[in-house]
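As structure tokens, the structure follows; a few thoughts come after it.
Please treat every number below as a calculation from the coordinates, not as lab data. The model shown is predicted, which means the values in this text are computed figures rather than measured ones. Note that each Cβ is placed from the backbone with ideal geometry, even for glycine, and that neighbours are counted across all protein chains shown.
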Ligand SMILES: Cc1cc2nc3c(=O)[nH]c(=O)nc-3n(C[C@H](O)[C@H](O)[C@H](O)COP(=O)(O)O)c2cc1C
């Protein structure tokens, strides 16, 4: 699978098989995060791999995170705001998205999770002062046909077309993309 194929194939997956993620696969995914670009190469990130079901249940109390404890692996992305005050969140997000793409390449489903109480997560996982919890990723082999939330969201809010989100030279001047939105939804 090339990078473009992985990007186009990826969809948020919110239901997973119980099959564990092999250690070698997990390590490749983490490696994809490690190699991400960051401002001044400061790498202001730390990733906590959570497989313990009790901890996962405690992480899944957010309104849109109920499915989290079904995932064999949850990765909690933390950013060091003292090390890189301006870019810690963006850098950590880039590393997490690298992991998402690597996970797709491994045949895994994934979902970003922003629905959590940061203070609760910090306490539960003993995240030190100076770090913020940026987002979590749920990872697991997809259970087909169970992702109702995904279906509803993509129905009510489809991906925007390129001509809606790209300008030429100045904001609002159309680049006139002829073959727009081949990648629906
Ligand atoms: C920063 C961020 C936070 C998100 N938080 C949640 C979440 O808490 N729960 C959830 O079910 N999906 C969450 N999502 C997934 C989005 O709903 C999903 O990416 C969007 O609907 C587009 O669908 P797609 O990922 O299948 O293309 C989040 C995505 C991002 C990027």
So for the chain, considering every pair of alpha-carbon atoms, how many percent are separated by more than 30 Å? 25
Using a Förster radius of 35 Å, what is the FRET efficiency between residue 143 and residue 28 based on their Cβ-Cβ separation? Nearest 0.05, please. 0.95
Given the options 156, 100, 76, which has the most mean-square fluctuation in a GNM of the chain, springs set between C-alpha atoms less than 10 angstrom apart? 156
Tell me the Kirkwood radius of the range 36-91: reciprocal of the mean inverse pair distance over distinct alpha-carbon atoms, in Å. 12.6
Subtract the Cα-Cα distance of residue 167 and residue 9 from 0.36 nm times their separation in residues, and report this length gain in nm to one decimal. 54.3 nm
Under 25 °C and 0.890 mPa s, how fast does the range 1-98 diffuse according to Stokes-Einstein, given a Kirkwood radius computed over C-alpha pairs? Answer in µm²/s, whole number. 164
Kindly express, to the nearest 10 degrees and within the range 0 to 90, the angle between helix 88-105's C-alpha long axis and the longest C-alpha principal axis of the chain. 80
Theoretical gain in end-to-end length, residue 181 to residue 129 [0.36 nm per residue, Cα-Cα removed]: 14.3 nm
Using Cα atoms only, what is the angle between the long axis of helix 23-34 and the major principal axis of the chain, expressed in degrees (0 to 90) to the nearest 10? 60
Inter-probe distance in nm under a simple model that places probes 7 Å from Cα toward Cβ, at residue 154 and residue 120: 2.9
In range of the label at residue 82: residues from the range 119-149 whose backbone nitrogen is under 13 Å from the point 7 Å along Cα→Cβ: 128-132
